[in-house]
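The values are calculated or read from the model by the stated rules, or taken from the named source; none is laboratory data. In this text the structure is predicted, and so the values were computed from the model without any measurement. Please note: Cβ atoms are built from the backbone with ideal geometry, for glycine as well, and neighbour counts cover all protein chains shown. Quick note on the areas: whole protein, heavy atoms, side chains included, nothing else; ligands and nucleic acids left out. Shrake-Rupley method; radii C 1.70, N 1.55, O 1.52, S 1.80 Å.
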Amino acid sequence: MAEKQRSNGFVCTVFFLCLIQWNPIPIPIAVAILNPVDFLALQSIRKSLEDMPGSKYFASWDFTSDPCNFAGVYCDSDKVISLNLGDPRAGAPGLTGRLDPAIGKLSALAELSIVPGRIFGTLPQSISQLKSLRFLAVSRNFISGQIPPSLGQLRNLRTLDLSYNQFAGAIPSSVAALPELSNLILCHNRLSGSVPPFTSQTLSRLDLKHNDLSGSLTPNSLPPSLQYLSLSWNRLSGPVDRLLNRLDQLNYLDLSMNQFTGTIPGRIFTFPITNLQLQRNLFSGRITPEGQVSIANVDLSYNRLSGEISPLFSTVQSLYLNNNRFTGQVPGSFVDRLLAANIQVLYLQHNFLTGIQINPTAEIPVSSSVCLQYNCMVPPVQTPCPLKAGKQKARPTAQCNDWRG
């Protein structure tokens, strides 16, 4: 964040000269005056916005004084370089109104942010004129319409956060092609269409969850620089195994609540991921991790995964494998770690498992939650299960025979 500054440490009224008396003879010293174009742009922005009840953000915006001392306005010489609209304190009321196109006149602007509030209307096309813009965040308002494709002209843009608004239409391919883009956060909107290929080799965070995106992802559509990827709650489909194999820097992956198909590559369990969310898709086949899994939270529930459960998953703290088609015995390493209170959650319900070697009198640690019901066995230990698991302790014999057959 740029620091407010003025020559000689003396704040002057706009359009006037300061007289600083260093000796008995007054010497006029010129102080940088805010560029008239920027001055008029700030006036237009102020006229189109109001404080919401309880907010006093605009109390300092007195245009008879220096605008570079306004709340949220930061200058370098005679130009505005950063504009943070609204009180940034947590829980503070935001602003209401529309964004005036005059915002595009702030030619030196490098940062533009708006706190959560009730700003509505569309995002002005004029923002694409801000060639120095590196940071644009207008999340948690009521901005609607399409994301302007002209934002692709902001070649220096590194962070774009339009989340929690009402944007509709497709993600512009011009935005996906921004060369310096590091963070793109478009979650909780009404975006549709496919996910365009992203070409920035510095993209580290991509958050598109809670939209209406559809179609499939090509193996090269996302750069290997990604560390955070969330595509949950969309209608995306097709295989992603070849794509995921390339994203070996991921530390967070959420593809849940989609229609992805194919296999889950065993290699992703060696990535530096702390939270892996792949639940409620159409993934199928066996899962064979390439090594002991050190991911703290793994959710593969509600898919079509089959085969035996690998003992390499026993080191996961919270493991959700329920509502799949797993068969065979539960590996003994799970029992050992469960009784040692090293497993917090072990959900294996609604599969076709045939046994688990655990003493019926064994005491499950209070800190652990385990559910084994509705498999091809009667659970040897009775533990509370989620309500969604139902009341049946075991799967009907006919289903188990058909599955084996």
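Using Cα pairs closer than 8 Å and at least 6 residues apart in sequence, work out the relative contact order for the chain, in percent. Walk me through the numbers before you get to the answer.
On the way: 1068 pairs, mean separation 24.5, N = 405.
That works out to 6 percent.
Of S221, L282, Q201, whose Cα points farthest to the positive end of the dipole of the stretch 184-286 (charges on the beta-carbon: +1 Lys, Arg; -1 Asp, Glu; origin at the Cα centre)?
Working it through, the farthest residue towards the positive pole turns out to be L282.
Expressed as a rounded percentage, what relative contact order does the stretch 261-401 have, with Cα pairs under 8 Å and six or more residues apart?
The value is 16 percent.
Tell me the trypsin sites (Lys or Arg not before Pro) within the stretch 36-115 that lie in a loop according to DSSP and have at most 13 other beta-carbon atoms within 10 Å. It would help to have the intermediate numbers written out before the result.
Values: sites: R46, K47, K56, K79, R89, R98, K105; in loops: K56, R89.
In loop regions of the stretch 36-115 (DSSP not H, G, I, E or B), the sparsely surrounded trypsin sites (Lys or Arg not before Pro) are K56, R89.
Which trypsin sites (Lys or Arg not before Pro) in the stretch 300-405 sit in a loop by DSSP (not H, G, I, E or B) and have at most 13 other Cβ atoms within 10 Å of their own Cβ? Working shown, then result.
Numbers: sites: R304, R325, R337, K388, K391, K393, R404; in loops: K391, K393.
Of the trypsin sites (Lys or Arg not before Pro), the ones in loops of the stretch 300-405 whose Cβ has at most 13 other Cβ atoms within 10 Å are K391.
Taking the solvent-accessible surface of protein heavy atoms with a 1.4 Å probe, what is the per residue accessible area of the chain in Å²? Let's see the in-between values first.
Working: 18240 Å² over 405 residues.
Per residue, the chain has an accessible area of 45 Å².
What residue among P272, N258, S182 has its Cα farthest toward the positive end of the dipole of the stretch 181-290, where the charges are +1 on Lys, Arg and -1 on Asp, Glu, each on the Cβ?
N258
What's the magnitude of the charge dipole for the chain around its Cα centre, counting Lys and Arg as +1 and Asp and Glu as -1 at the beta-carbon? Answer in Debye, nearest 20.
Details: 32 positive and 24 negative charges, 172 e Å.
Approximately 820 debye in magnitude.
Using 0.36 nm per residue of separation minus the Cα-Cα distance, give me the extension gain between D402 and T288 in nm, one decimal. Spell out each step's value before the answer.
Details: separation 114, 0.36 × 114 = 41.04 nm, distance 2.51 nm.
The span from D402 to T288 would gain 38.5 nm if fully extended.
On the protein heavy atoms, probe 1.4 angstrom, tell me the percent of accessible surface of the chain carried by carbon and sulfur.
On the way: 9530 of 18240 Å².
Whole-percent figure for carbon plus sulfur exposure: 52.
Write out the trypsin sites (Lys or Arg not before Pro) in the stretch 109-152 meeting two conditions: DSSP loop, and at most 14 other Cβ atoms within 10 Å of their Cβ. If you can, show how the numbers build up before the last one.
On the way: sites: R118, K131, R134, R140; in loops: K131, R134, R140.
Sparse-neighbourhood loop trypsin sites (Lys or Arg not before Pro): K131.
Considering only DSSP beta bridges with both partners in the stretch 258-405, what is the antiparallel share in %, to the nearest 5?
On the way: 1 of 23 bridges.
Expressed as a percentage, antiparallel bridges in the stretch 258-405 total about 5.
Given a cut-off of 22 Å, name the pairs among K56/K79; K209/K391; K79/K105 whose C-alpha atoms lie farther apart than that in the structure shown.
On the way: K56/K79 25 Å; K209/K391 33 Å; K79/K105 11 Å.
K56/K79; K209/K391, as the Cα separations exceed 22 Å there.
Just for the chain, what percent of DSSP beta bridges are antiparallel, to the closest 5?
Details: 11 of 76 bridges.
Just about 15 percent of them are antiparallel.
Between exposed chymotrypsin sites (Phe, Trp or Tyr not before Pro) in the chain, where DSSP calls loop and at most 13 other Cβ atoms lie within 10 Å, what's the longest gap?
On the way: sites that count: F10, F15, F16, W22, F63.
Looking at the chain, 64-405 is the longest stretch - no exposed chymotrypsin sites (Phe, Trp or Tyr not before Pro) with at most 13 other Cβ atoms within 10 Å.
Can you bin every Cα-Cα distance in the stretch 108-237 into 10 Å intervals starting at zero and give me the percent of pairs per bin, rounded to whole numbers?
That works out to 13, 47, 34, 5, 0, in percent per bin.
Please return the longest stretch of the chain lacking exposed loop sites, where GluC sites (Glu not before Pro) count only if DSSP places them in a loop and at most 16 other Cβ atoms lie within 10 Å. Mind showing how you got there, number by number?
Details: sites that count: E3, E180, E290, E363.
Between exposed loop sites, the widest span is 4-179.
For S65 and S107, FRET efficiency with R0 = 30 Å and r from the beta-carbon atoms, rounded to 0.05?
Given R0 = 30 Å and the Cβ-Cβ separation, E is 0.85.
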